[in-house]
Amino acid sequence: MAIEVKRTFDILDRILHEFPREDALGGKDNDDWYAYSTAEYVEKSHHFALGLLALGLKKGDKVATVTTNRPEWNFADMALAMTGIVHVPIYPTISDEEYSYILEHAEIHVLLVGDRKLYEKLSPIAGRLPEIAHIFSFDEIEEVKNFIEIIEMGKNHQEELTGKLESIKREISPEDLATIIYTSGTTGVPKGVMLSHANLVSNFVAHSKMHDLGRDHRVISFLPLCHVYERSVNYHFQYKGMGIYYVGNLGQIVSAIKEIKPHMFNSVPRLLERVYDGFVSKGNELTGLKRIVYFWALRLTRHFEYNKRYNFFLKFRIGIADKLIYSKWREALGGNIVYLVSGGAALQPRIARVFGMAGMLNLEGYGLTETSPVISVNNPNTKSMKIGTVGEILPNIELKFGEDGEILVKGPGVMTGYYKSPELTAEVIDEDGWFHTGDIGILEDGKFLKITDRKKEMFKLSAGKYIAPQMIENKLKASFFIEQVMVIGAGEKFASALISPNFVYLHDWCSQRKIHFMDNQELIQHTEVLAQFHREVAAINKTLGEYEEIKRFRLVSDEWTPQSGELSPTLKLRRNVVADRYQNIIEEIYSVSKVQPGGRFRLPKINLNFDINAFIKRLKL
């Protein structure tokens, strides 16, 4: 008889009795992989829980973790869940101000950090907060208490505390608070989203039914476990009995894929776009007939649709392309990929088609931290999949649209509220229990959800026409040349854009054309480069309404990343940050002394830092 999972820690009993394996959790220590068996995972989680009780912690206390992905994170997570202690996972890349706010606001009692760098950053902050009694580290750091000490403490008090732990576990209700996840947000201070066991369990059980992979399959996990997206899929993988290998160093993702040969992994569009850029770059390295065949196969992917029946001639061509080209793409990603889960932002349809034609189906979905998170997902088990959409609504979720097109949802995954902020909770959950997502959407074919924009990001031109910037931005980012873009023009006569180029691709493009430049500042002012970007923008303008067209744009010489502040940790555009940083350029665009829209313009000289993300370098296959 299958073990029912009602609280997150019930997963442990389920996998121990139904899916025992030698590599339940895996990690990398320098260059060597190591693994914990299911039995070790369960044992260490229970000893960790006993250790927390031995420290004097009690149900309702708060413990924070700040670390990159590692298998040991799960010991802490399960231990906190089974003792009723609230887990507050925090990004390892936020500012000191955000750390101070979250640690104080959440009333953290114990802090677990990943490595020396994080300890040195967080220790002074924790020292100013008397509520924090202990700091432990996952890495071994001299003169810092290690998380193993908690496990050992649990072992030493096992006889006296096991009964107490079992009593606490029995008393924990599915409705009890399991975690507080602070959303990074794009403005203001972070909000603490309160999620119960029932919120989390109802969601991961529902989306775990979208595929048939299980105990015979492996996955890798590299997106931050502190974010509800990766955390929910992490539970999902465990619930299905899959072996999970964690990658904490983003520079090791490519090697991890080749070494572990996963059957599935959770991703974001920017990573998949980088892999795609690698495919294109590989083709550009070829010459003669090989190059012709390569790009013939790449163009052939435009025919891909889910559940499509190809005619004999097309099927024959796809078979040849698969043998010559697509098989090489699969091999570059380990050779076993069946599904790629994508979320966090819109995936360009051409990317989904490329991976799909190569036999790696993209399961694009949609959700928010406040909904635990998945609201909809493309589902291969039911064959409910459509490119350009985020799939069907989960069976346990009700969805309707507001008068302005806003997506409203009800269901067991909707949060219990924002921590210490009933007034903010009331702003997003109405009297009838509908959660207002802030996203605008439509249903295609009566069942496939398509996100068209963020309600708060829409703006009105001076002529009264509304602009949905995210829709236009997604179209622009379909260009190989454009990495990030922000559409602007609130209260102005026309829409414009700030564009951060895809410098990796642009450098290759310039190399092929023997365009020389000293740095990116000089590059973005080069005549041929500007002409190419004019062509890219003009092509997109043809797909837009006249009032939506980008009349002017400016290139910037730096890359937008979470580290530099223009993107949130979940890669969402921080519009207020970008607007402040480029205020002089925005003023120049709309200056009445400049030429009219569509005329010639000159780029102002700007002095900005450029930093190519090492992670992106490694993904150029």
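The values are calculated or read from the model by the stated rules, or taken from the named source; none is laboratory data. Keep in mind that what you see is a predicted model, and the values were worked out from it rather than measured. In this analysis, Cβ positions are derived from the backbone assuming ideal geometry, glycine residues included, and neighbour counts consider all displayed protein chains.
Numerical summary
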{"quantity": "K400 over 18 Å from V233 (Cα atoms), surrounded by fewer than 18 Cβ atoms within 10 Å (Cβ to Cβ) and at pLDDT 95 or above", "calculated": "yes"}
{"quantity": "Scope segment 312-369; condition among the small types (G, A, S) and not in a helix (DSSP H, G or I); matching residues", "calculated": "G334, G335, S342, G343, G344, A345, A346, A358, G359, G365, G367"}
{"quantity": "Members of segment 555-574 found to be in a loop (DSSP other than H, G, I, E, B) and hydrophobic (A, V, I, L, M, F, W, C), listed by number", "calculated": "V556, W560, L571"}
{"quantity": "Subset tally (residues that are at pLDDT 95 or above and of a type in the set (V, I, T)) for segment 541-562", "calculated": "2"}
{"quantity": "Looking only at segment 116-164, and only at residues there that are of a type in the set (K, R) and touching a helix residue (DSSP H, G or I) at 6+ places or on another chain (Cβ under 8 Å), the one that is nearest to K58 (Cα to Cα)", "calculated": "K164"}
{"quantity": "Any hit, segment 388-409, residues being under 16 Å from P269 (Cα atoms) and not small (G, A, S)", "calculated": "yes"}
{"quantity": "Unique match (being more than 28 Å from the chain's Cα centre (by Cα), surrounded by fewer than 17 Cβ atoms within 10 Å (Cβ to Cβ) and more than 16 Å from E483 (Cβ to Cβ)) among E528, E548", "calculated": "E528"}
{"quantity": "Residue in segment 459-471 that is of a type in the set (S, T, Y) and buried (at least 16 other Cβ atoms within 10 Å of the Cβ) present", "calculated": "no"}
{"quantity": "Among the candidates S511, S496, residue that is among the hydroxyl-bearing types (S, T, Y) and in contact (Cβ under 8 Å) with a residue 40 or more places away in the chain", "calculated": "S496"}
{"quantity": "Residue in segment 574-587 that is modelled with pLDDT under 85 and hydroxyl-bearing (S, T, Y) present", "calculated": "no"}
{"quantity": "Checking I220 against (1) crowded, with 18+ Cβ neighbours inside 10 Å; (2) in contact (Cβ under 8 Å) with a residue 60 or more places away in the chain, the condition it does not meet", "calculated": "(2)"}
{"quantity": "Residue within segment 176-191 that is over 21 Å from I90 (Cα atoms) and either in a loop (DSSP other than H, G, I, E, B) or within 20 Å of the chain's Cα centre (by Cα) (or both) present", "calculated": "no"}
{"quantity": "Selection from segment 323-342 of residues that are surrounded by fewer than 18 Cβ atoms within 10 Å (Cβ to Cβ) and over 23 Å from the mean Cα position of the chain (by Cα)", "calculated": "K323, L324, S327, K328, E331, G335"}
